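Trainee: Provided herewith is a single structure, encoded as structure tokens, for subsequent inquiry.
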Amino acid sequence: MPGRRWGVVVQPYQGMPPKPGAGTAVVAAVLALITGLWFFAGIPWIGFYPIPEVIAGQFADALLGLLLVLGGVLLLARKGAGRVLSIVGAALALLALVASTALAELHFYFYAGGPAPFDVGSVLLRRALLMLPFVLLLVFAALPATGRWTRRQRPPMITYGHQPYPQHPYPPHQQGGRPPGW
């Protein structure tokens, strides 16, 4: 894309890769953080019952919440692992929501996916609305622009104030002074 500097149109070099924008990565990170906190909120919402299906649902909520929150934080820190954790967490969250819906139709009490959704009609419509942020997270985290942004190096920080003295490559007695013991 051409730019205008000092009245002259500047064309980018032919082999120059586009400068990665932070838009898709930040959206993916925010979605990962929000959905991870949503899963964490589902742990106490269900209640603490000694039923194995409920315990399994709470364990799934805790694991998915941890994956998504950690992925969001690492993605904001420009780490490639954050992108991977966000994608894996979103895919497993979709799988947990589908499994929870299928098991609810069979009258099992396995519920994973955060607190109960708002009442908008049928169970399938509620689950479809819950799946939307995870689908968006998968899309934004998997975009090539997000990968380019995580691989781009940050510019070095400029430090002010006291700078450390340069280290000499030789010990002090070999720098031209008197040898030790004189």
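Any read-out appearing in this document is the output of simple, stated calculations on the displayed coordinates, not a laboratory observation. Only a predicted model underlies this, so the values are computations on that prediction, with no experimental measurement involved. Glycine also receives a Cβ, built like all others from the backbone with ideal geometry; neighbour counts cover every protein chain displayed.
Trainee: In nm, what is the difference between 0.36 nm times the number of residues separating Ala41 and Ala81 and their Cα-Cα distance?
Mentor: 12.0 nm
Trainee: Could you check the spin-label model distance between His107 and Ala128? Points 7 Å from the Cα along Cα→Cβ, value in nm.
Mentor: 2.7 nm
Trainee: What list of ³J(HN,Hα) couplings, whole Hz, do you get for segment 65-74 from phi and the Karplus terms 6.51, -1.76, 1.60, once you set θ to phi - 60° and write x for glycine and proline?
Mentor: x, 5, 4, 6, 5, 5, x, x, 5, 5
Trainee: Moving on to the next point. Each residue of segment 27-34 in turn: what ³J(HN,Hα) in whole Hz from Karplus with 6.51, -1.76, 1.60 and θ = phi - 60°, glycine and Pro shown as x?
Mentor: Ordered by residue, 3J(HN,Hα) equals 4, 5, 5, 5, 4, 5, 5, 5 Hz.
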